[in-house]
Amino acid sequence: MVPHTMLRPFGVNPCAAGGHLRRHHARLCLRRASSVDATTGTLPGGSSNTRRRKKQAAEESRLEVLYDDGFGSATMKDYWEAVRAMPKDDGGPPRWFCPVECGRPEVDRAPLLLFLPGSDGVGMELILHHHSLGKLFEVCCFHIPVNDRTPFEGLLQIVEEYVKYESALSPSRPIYIVGDSFGGCLAISVAARNPEIDLVLTLVNPATSSAKTSLQAVLPLLETMPSNLPVVQPHLLRYLIGNPLNVAMVSVQNGLSPQETLQEFSNSLTSMLPLVSELGDIIQMGTLVWKLKLLKSGANYANSQLHAVQAEVLLLASGIANLPPSGEADRLFKTLKNSKLRYFRNRGDRLLMVQTIMITILLVHYLQAFPCFDLLD
């Protein structure tokens, strides 16, 4: 077991050894896992068309897992409860954990999915999708305690050691990495340093331009403030937990009347405000200053390594809230050799809280269903 790894992902059957069995084989396991796929043999008195239709029906039946994604089994209330619990300082180092909600994958030889969080370090941003992702992946999330002061190079070493460990354990099994904001910088850096490992990256609003944000300009001023000063300013908190207004909108269902939408949004925001106040007491100025420095060093390192990334990359960028800054996603798309870009024009800084985003991630990795550019609502 690698250092700082407290929990190993739930065990599943590893892919068969052999260099020729790569990601293509792992994707085919979605279909091969179903017992009804045995209908591919010769049927007494049946035509080839009948066999083909039965085979197609069996495959489509198995692929229903991609669409019946379990979204809604967890809510934003569950997310906030997780956020409330995770920031408490336990004195431990950064570590991996396996969400209980994921359970065991329902497919044979399931690939590994590693989640690298944003600057908040909580690691629970996928909670609305744990149930659905657990059907297809072994899910393992990275947690950085709120008072941890491990520099970017140290965090990178922890992630890299775990990736190498899993790759050595099952060389033919691909590793999918979802990096949100700061986690995107970690994902880029790991991929650049390990081109020989079969990695697939999903970068969600990667923080590669964070070194140029307006808050970095006032960092010297923030450093002069008492380190134990609570961070209660929403503009400052949003760099760690996102825009509260955008987060509140996640709980609002589609298809409601304007009055119902306003009422649901108001209820969501009202229930969230006490937590924001709690986080203000937990997150102090010293923590914010450290996180900003961490973002800057992560962005600088990742940008210096973009040319070395050989892995497949899916970029997911918000279309509003200036996240990432205008032109940043396009710059990454042009720089990364093997990348695809998706803009979500009506979404803010919490893309992973939206159902369609995770469906898109699953589809692009398993079905390769769309071309290089598209605009999604």
message = Please list, by residue number, every one of the GluC sites (Glu not before Pro) in segment 95-151 that is coil in DSSP and has at most 14 other beta-carbon atoms within 10 Å.
response = 106
task = Go through segment 178-185 residue by residue and turn each phi into a ³J(HN,Hα) via Karplus (6.51, -1.76, 1.60, θ = phi - 60°); whole Hz please, and just put x for glycine and proline.
result = 9, x, 9, 6, 4, x, x, 5
ask   = For the peptides 149-160, 173-184, what is the packing order when you average, over each peptide's residues, the other Cβ atoms within 10 Å and list the highest mean first?
value = 173-184, 149-160
inquiry  = How high is the relative contact order of segment 163-226? Use alpha-carbon pairs under 8 Å, at least six apart in sequence, and give a whole percent.
reply    = 32 percent
task = Give me the distance in nm between label points sitting 7 Å out from Cα along the Cα-to-Cβ direction at residue 221 and residue 104, one decimal.
result = 5.7 nm
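Which ordering of 115, 344, 142 is given by a fewest-first count of other beta-carbon atoms within 10 Å? Intermediate results must be reported in sequence, preceding the final value.
Values: 115 28, 344 21, 142 24.
Listed from fewest to most nearby Cβ atoms, that is 344, 142, 115.
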inquiry  = Using a 10 Å cut-off around each Cβ, can you sort 96, 290 from fewest to most neighbouring Cβ atoms?
reply    = 290, 96
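Would you mind checking the pairs 296/334; 77/164; 296/340; 77/296 and listing those with alpha carbons more than 29 angstrom apart? Before the final figure, lay out the partial values.
On the way: 296/334 22 Å; 77/164 35 Å; 296/340 25 Å; 77/296 31 Å.
Cα-Cα > 29 Å for 77/164; 77/296; rest within.
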task = With a point put 7 Å past each Cα toward its Cβ, work out how far residue 153 is from residue 228 in nm, to one decimal.
result = 3.2 nm
message = For residue 109, what residues show an amide H to amide H distance below 5 Å, using hydrogens built from the backbone and excluding near sequence neighbours?
response = 13
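Coordinate-derived values only; no laboratory data. Not measured: the values here are computed from a predicted model. Counting neighbours? That spans all protein chains shown, and the Cβs are built from the backbone with ideal geometry, glycine included.
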